[in-house]
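Worksheet for the structure shown next.
The values are calculated or read from the model by the stated rules, or taken from the named source; none is laboratory data. Note that this is a predicted model, so its numbers are computed, not measured. Methodologically, a virtual Cβ is constructed for each residue, glycine included, from the backbone with ideal geometry; neighbour enumeration extends over all protein chains shown. Only protein heavy atoms, including side chains, enter the accessible area calculation; ligands, DNA and RNA are left aside. Shrake-Rupley method; radii C 1.70, N 1.55, O 1.52, S 1.80 Å.
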Amino acid sequence: MSKKIFVTYKYSDSNVYQLKLLSPMAYSLGLPPPTTTARHYVNKLQYLLEKDDHINKGENDGETLSNFKNSTIESKLRNKIYDSSITIIMISPGMKETHIAESDQWIPWEIAYSLKEHSRGGRTSHSNAMLAIVLPDRNNSYEYFVE
């Protein structure tokens, strides 16, 4: 049975282990590999989930909400999360922005919203199941998470 899945992550976090993102032909031509970000891991995950007919409620690659006002972003995220049953948290080394208050960051808000029940038009959504996936850092280590 397919599930509606929302993925939360830090889009531009490049402190993750470098994936082989080019074809073998590109490597043989000596092209430098693009910098891997957490989004590349999400792309791989979404590809695997869609093969099993799960429904991606997260953003697609290239889709950005950053040009919208916070109220518009929140509304769009509410709609995506409300209609999902699982939230996957892709934990990466640069995910938490220590210089920004947690209340001003989207990831904690998305997680909190996923855990609450919400009613709309006589229908109540349930808390989402939560799955955390820890991504390796640039050195292919998970120490940043363990510490």
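Dividing the alpha-carbon Rg of segment 85-137 by 2.2 N^0.38 Å yields what?
Taking the Cα Rg and dividing by 2.2 N^0.38 Å, one obtains 1.36.
Of all the accessible heavy-atom surface of the chain, with the other protein chains kept in place and a 1.4 Å probe, what percent is carbon and sulfur?
53
Placing +1 on the Cβ of each Lys and Arg and -1 on the Cβ of each Asp and Glu in the chain, which of GLY30, ILE100, PHE68 has its Cα farthest towards the positive end of the resulting dipole?
PHE68
Under 25 °C and 0.890 mPa s, how fast does the chain diffuse according to Stokes-Einstein, given a Kirkwood radius computed over C-alpha pairs? Answer in µm²/s, whole number.
For the chosen part, D equals 147 µm²/s.
Could you state how much accessible area LYS57 has, in square angstrom rounded to the nearest 10, with a 1.4 Å probe and all protein chains kept in place?
In the full protein context, LYS57 sits at about 40 Å².
How charged is the neighbourhood of LEU45? Take every other residue with its Cβ under 12 Å from the Cβ of LEU45, and add Lys/Arg as +1 and Asp/Glu as -1.
0
Using the basic label-point model (7 angstrom from Cα toward the beta carbon), what is the GLU97 to LEU21 distance in nanometres?
According to this spin-label approximation, the distance is 2.0 nm.
Compare PRO34, PRO93, PRO136 in a GNM of the chain, Cα atoms joined below 10 Å, and give the one with the largest fluctuation.
Among PRO34, PRO93, PRO136, the largest GNM mean-square fluctuation belongs to PRO34.
So what does GLU143 come to for accessible area, using a 1.4 Å probe and Å² rounded to 10?
So the heavy atoms of GLU143 present about 100 Å² to solvent.
I'd like to check one number: the per residue accessible area of segment 87-147, probe 1.4 Å, reported in Å² as a whole number.
65
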